[in-house]
Protein chains: 4
Amino acid sequence: MKLIADISIIPLGVGLSLSSYVAECEKVLTDAGLAPRLHANGTNVEGDWDVVMAALKTCHQRLHAMGVPRIATNVRLGTRVDRESSMDAKLASVKEKMKT
Amino acid sequence: MKLIADISIIPLGVGLSLSSYVAECEKVLTDAGLAPRLHANGTNVEGDWDVVMAALKTCHQRLHAMGVPRIATNVRLGTRVDRESSMDAKLASVKEKMKT
Amino acid sequence: MKLIADISIIPLGVGLSLSSYVAECEKVLTDAGLAPRLHANGTNVEGDWDVVMAALKTCHQRLHAMGVPRIATNVRLGTRVDRESSMDAKLASVKEKMKT
Amino acid sequence: MKLIADISIIPLGVGLSLSSYVAECEKVLTDAGLAPRLHANGTNVEGDWDVVMAALKTCHQRLHAMGVPRIATNVRLGTRVDRESSMDAKLASVKEKMKT
């Protein structure tokens, strides 16, 4: 099952500078063979449900191993079975509509 | 890894009455040995990360099998390694503070 | 415009014990004339869009005034214009379906 | 109060093609003087709390006026008072960490 997801990970108990943890999670996602697209409030990722979800679990485990005591993550998960979909196709569709 | 999650599943392409799909997902979570706590905007669940996440995947698969072409889910995921945590403990802690 | 919302406020930079801040936000929502329903991963609230949103802003302001340097909030917002809706009606509808 | 937000609007009851509604919301945000940055699962926006929130309300109103009977939106809201912040600064900070 193909999954298009948006992941926002918030490490708690490590102060206000969260970028090193977000960067580590980007590496985890990339190492999983995914091509995460970072934005200002999370990261977009697409792939097989199991691959994406395994990488997300690894993110939590990796951050805890780095000393993060608590993590609050928000994830948006999109699946569809009526046709193929992709992040590029979603973006192209909106941009096409914005022209009119 | 213990997970406390909040799941909000939104079926798309099946009109405006979503309750039968939400009810089906509650059954899936319950059948997974979890004890979901439904609220007006999602459901709370706690358990082993893999068990909760497998059940969430089953929810998507079940709803697609029921004819839902597209699903948009929002999930909040909480993990912590500094101490044991539970949904009851979280609620009790806030309610204790509300007395003062 | 009637709004049914679910608010999850995460204070950053104040350690791991967040319950006093969540409790304060419950008070803010209650003082706004709303009847928030706390759950393990957020709080449900319903009312006029402007009233709910003004209270949410006050939550952020109040927590910052309490010394919270940074806040990350996740909110689910539901509006509909086809018919009246309520949190009780949403819950009742799902529970009715769970019987079958 | 400066707000950095991520908005994901899901129109319900209008079938599976949502891009025209997402495009309309981008226009609303742009007309509000904001510079929304569309991604595959939402849009990033930053500005004064009141300006962003007024635009978000207008998005709901506009979509309902277009015939959308029900809307489910997920919003991530970030505020901080310890220092100035921006979407560009957040992104730059993570990218700097990814080099190491």
Practice task
Kindly provide the set of residues from region D:1-56 that are closer than 24 Å to A:Thr43 by Cβ, within 12 Å of chain A (Cβ to nearest Cβ) and part of a loop (DSSP other than H, G, I, E, B), ordered by number.
Solution key: D:Leu18, D:Ala35, D:Pro36, D:Ala40, D:Asn41
Fill in the blank from the handout: Taking region B:77-100 and keeping only residues that are among the basic types (Lys, Arg) and under 20 Å from C:Cys25 (Cα atoms), one is left with B:Lys90, B:Lys95, B:Lys97, B:Lys99
Practice task
Scan region A:69-86 and give yes if some residue there is surrounded by fewer than 18 Cβ atoms within 10 Å (Cβ to Cβ), more than 9 Å from chain D (Cβ to nearest Cβ), free of Cβ contacts under 8 Å to residues at least 40 places away in the same chain and closer than 27 Å to A:Tyr21 by Cβ, otherwise no.
Solution key: no
Completion exercise
If we ask which residues in region A:57-68 are in a loop (DSSP other than H, G, I, E, B) and either in contact with an Asp or Glu (Cβ under 9 Å, 6 or more places away or on another chain) or within 14 Å of chain D (Cβ to nearest Cβ) (or both), their number turns out to be 1
Completion exercise
By residue number, the members of region B:69-90 that are part of a helix (DSSP H, G or I) and in contact with a helix residue (DSSP H, G or I) (Cβ under 9 Å, 6 or more places away or on another chain) are B:Lys90
Handout entry: Boolean, B:Arg70 is over 30 Å from A:Gly67 (Cβ atoms) and of a type outside the set (Phe, Trp, Tyr)
Key = yes
Handout entry: Check on D:Gly78, modelled with pLDDT of 95 or more and closer than 22 Å to A:Leu38 by Cβ
Key = yes
Problem - Residue list for region B:11-23, restricted to those being buried (at least 21 other Cβ atoms within 10 Å of the Cβ) and in contact with a helix residue (DSSP H, G or I) (Cβ under 9 Å, 6 or more places away or on another chain) - result: B:Pro11, B:Leu18, B:Tyr21, B:Val22
Exercise for the section: Return only the number of the condition from (1) hydroxyl-bearing (Ser, Thr, Tyr); (2) closer than 23 Å to D:Met98 by Cα; (3) touching a helix residue (DSSP H, G or I) at 6+ places or on another chain (Cβ under 8 Å) that A:Thr30 does not satisfy. Expected result: (3)
Completion exercise
Of the conditions (1) among the hydrophobic types (A, V, I, L, M, F, W, C); (2) free of Cβ contacts under 8 Å to residues at least 60 places away in the same chain; (3) surrounded by fewer than 21 Cβ atoms within 10 Å (Cβ to Cβ), the single one that C:Cys59 does not satisfy is (3)
Problem - Search result, residues across region D:8-56 that are hydrophobic (A, V, I, L, M, F, W, C), without any contact (Cβ under 8 Å) to a residue 24 or more places away in the chain and out of contact with any strand residue (DSSP E or B) (no Cβ under 6 Å at 6 or more places or on another chain) - result: D:Val22, D:Ala23, D:Ala35, D:Leu38, D:Val51, D:Ala54
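The values are calculated or read from the model by the stated rules, or taken from the named source; none is laboratory data. Given the structure is predicted, the values throughout are model-derived calculations rather than measurements. Note: ideal-geometry Cβ built from the backbone for every residue, glycine included; neighbour counts use all protein chains shown.
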